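Written below as structure tokens is the structure these notes are about.
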Amino acid sequence: MSKRLIPMDAVLGKTGYKSTSTIYVKMAGGTFPRSVEIQDGSGTKRWIESDVDEWIEKQIAASRSEAVAP
């Protein structure tokens with residue numbers, strides 16, 4: 001399976017969050033996929049797109065199950 005690495009602006013676009021700090025706080029709390037540091041000495045961070053997509057699907061599922069629960 002092919003994996004695609006995406007930058008922060010793509011993560012923000014996919015999630016709808018406006019702030020990079022929101023992503024980093026959620027990562028630190030273990031509630032958002034961790035980034036991958038590109039090993040070229042630049043310190044560049046990227047996210048695995050399928051991890052972000054899976055996180056989005058889980059948010060949707062959790063939201064819908066809460067809405068249905070009594």
Seminar exercise, completed: Order by accessible surface, 1.4 Å probe, largest leading, for residues Tyr24, Tyr17 comes to Tyr24, Tyr17
Exercise. At 37 °C and 0.692 mPa s, what whole-number value in µm²/s does Stokes-Einstein give for the translational diffusion of the chain, with Rh from the Kirkwood sum over Cα pairs?
Worked result: 248
Exercise. In deg cm²/dmol and to the nearest 500, what is the mean residue ellipticity at 222 nm of the chain if only DSSP H runs of at least 4 residues count, each as -39500 (n - 2.57), divided by the residue total?
Worked result: -16500 deg cm²/dmol
Exercise. Roughly how many Å² is the accessible area per residue of the chain, as a whole number, for a 1.4 Å probe?
Worked result: 71
Exercise. What does the accessible area of Val36 come to, in Å² to the nearest 10, when a probe of 1.4 Å is used?
Worked result: 50
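The values are calculated or read from the model by the stated rules, or taken from the named source; none is laboratory data. All values derive from a computational prediction rather than experimental measurement. Areas reflect the complete protein model, heavy atoms only, side chains present, ligands, DNA and RNA absent. Shrake-Rupley method; radii C 1.70, N 1.55, O 1.52, S 1.80 Å.
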